[in-house]
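Taking it in order: structure first as structure tokens, then the write-up.
The values are calculated or read from the model by the stated rules, or taken from the named source; none is laboratory data. All values derive from a computational prediction rather than experimental measurement. Positions of Cβ are backbone-derived with ideal geometry, glycine not excepted, and every protein chain shown enters the neighbour counts. Please note that ligands, DNA and RNA were not included when accessible areas were found on the heavy atoms of the full protein model with its side chains. Shrake-Rupley method; radii C 1.70, N 1.55, O 1.52, S 1.80 Å.
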Amino acid sequence: MDGGGNSLPSVAGAAATKRRVCYFYDSEVGNYYYGQGHPMKPHRIRMTHALLERYGLLGGMRVLRPSPADDRILRRFHADDYVAFLRSANPEALSDPGALRRFNVCDDCPVFDRLYEFCQVYAGASVGAAKELNRGHADIAINWSGGLHHAKRCEASGFCYVNDIVLAILTLLEHHDRVLYVDIDIHHGDGVEEAFYTTDRVMTVSFHKFGDYFPGTGDIRDIGYGKGKYYALNVPLDDGIDDESYHYLFKPIMAKVMEVFRPDAVVLQCGADSLSGDRLGCFNLSVRGHGECVRYMRSFNVPLMLLGGGGYTIRNVARCWCYETGVALGVEVEDKVPDHEYIGYFAPDYNIHVATSNMENKNSRKSLDDIKVKLLEYLSKLQHVPGVQFQERPTDMDLEEENEDQEDTNEKNDHNSDRDERPES
């Protein structure tokens, strides 16, 4: 089961095939600031970009500047009053404490300067990535500023305000019958699961810490509802899981998902808080082990979107997403970090790959086997589902076609200058 995408006969040898990769980046993204002491630091996106530049990886991709998502795009998932609140939110004028409570914009999700602009940028990049895949302009589309999987239709949650993933999947569904969402963040991908819980056109698979841990959802018994029954899979894990144990579940489960669901596109949320040593995490994955999940999903040769997510030891976030950009490109980056403006963050060894810890792995082989058996049993229920009779649209989702006149607004950045832009052809 562990041999890449070999469960799909059409992708034999696909792991070695060169991919057309596009990468979305806005030079402003590192300037947004949640506030003093807050663990979410958009600066990590700028650090990642600096590594990509110094490693020469930008030259292997089309680098695109995202068009900000406007209200119309955000309202495809989010409630009108919530979008209006985000647009007007200003840290200097918090005049309605009732609205702050109603929309859960408080401690974890503070109002900060240019909050709405930040949401527009990262959501616009994920929607733009979906459009590039829809048009067939790329095989892999990357947005490390995205992946904010906790945001709900009417409220912020877990450092997330707008659910760019749901918006991207809705865009993919305009051109694809079936979309697979995979989440390797340490936290359950609750906002995305909830959005598509009753549809059979989107399957969600989340690998996460479960038990007295935010957001508290993601029980293995939560499997979807109605037409969506068995189209939500949850893989509940315990502290200290290492590369070997993680892949022992990830590879056979994802091989069976790909075989049974046969998605037309895959969205992989690459939250880096599942790495060893994360400020808020309790897993023990290496950068290479985390990246192996990207390599494995890439091997199926299905249109693939890579998104960021959690990750709070920012030097390790940059290490991880730089390495995984290399994986997308089929390039093994050198371990020694090249000299660049953020080199001090990588002291004292200045390496991409850092040792994992000696923490106890609380995931026994028996517990892993029990999880694997249960999830494969769920998937066996889908084996005889007809491959074409899928629900027209996700429940309560407006999938009206985008205005084609506004689709070609992504701008291509010159690799060396954010000022030298021209419309993407």
Modelled label-to-label distance, ASP107 and LYS362, 7 Å Cα→beta-carbon offset: nm? 2.1 nm
Dividing the mean separation of Cα pairs under 8 Å (6+ apart) by the residue count of the range 21-384 yields a relative contact order in percent of 18 percent
For the range 21-384, just say rounded, prolate or oblate: build the C-alpha gyration tensor, square-root its eigenvalues into a ≥ b ≥ c, call rounded for a/c under 1.5, and beyond that prolate if a/b exceeds b/c, oblate if not. rounded
So for THR356, THR204, what's the accessible-area order with a 1.4 Å probe, most first? THR356, THR204
DSSP bridge orientation in the range 21-384 - percent antiparallel, rounded to nearest 5: 5 percent
Accessible-area order for THR325, THR217, largest to smallest, probe 1.4 angstrom, reads THR217, THR325
When the Karplus curve 6.51 cos²θ - 1.76 cosθ + 1.60 is applied with θ = phi - 60°, which whole-Hz ³J(HN,Hα) does each residue of the range 52-59 get, with x for Gly and Pro? 4, 5, 5, 7, x, 6, 4, x
Output wanted: per-residue J couplings in Hz (rounded whole) for the range 344-357, from phi through Karplus 6.51 cos²θ - 1.76 cosθ + 1.60, θ = phi - 60°, x for Gly and Pro. x, 5, 9, 5, x, 8, 6, 10, 6, 9, 10, 5, 7, 8
I want to verify a result. In a Gaussian network model of the chain, Cα cutoff 10 Å, which of these has the top mean-square fluctuation: PHE210, PHE346, PHE283? PHE346
Roughly how big is the chain's charge dipole about its Cα centre, with Cβ charges of +1 (Lys, Arg) and -1 (Asp, Glu), in debye to the nearest 20? 940 debye
Sequence order, the range 270-281: Karplus ³J(HN,Hα) from phi using 6.51 cos²θ - 1.76 cosθ + 1.60, θ = phi - 60°, Hz rounded, Gly and Pro as x, gives 9, x, 9, 7, 8, 6, 4, x, 5, 4, 10, x
Given springs between every Cα pair under 10 Å in a Gaussian network model of the chain, which of THR198, THR17, THR171 has the largest fluctuation? THR17
Test of understanding: in a Gaussian network model of the chain with alpha carbons linked when under 10 Å, which of PRO42, PRO66, PRO91 would top the mean-square fluctuation ranking? PRO91
Cα gyration tensor of the range 272-376, axes a ≥ b ≥ c as square roots of the eigenvalues: rounded (a/c below 1.5), prolate (a/b > b/c) or oblate? oblate
Ranked by accessible surface with a 1.4 Å probe, highest first, in what order do HIS188, HIS175, HIS340 come? HIS175, HIS340, HIS188
Hey, can you rank 297-307, 363-373, 49-59 by average C-beta count inside 10 Å, highest first? 297-307, 49-59, 363-373
Which listed pairs, of LYS152/LYS251; LYS209/LYS366; LYS41/LYS131; LYS152/LYS229, have C-alpha distances above 19 Å, in listed order: LYS152/LYS251; LYS41/LYS131; LYS152/LYS229
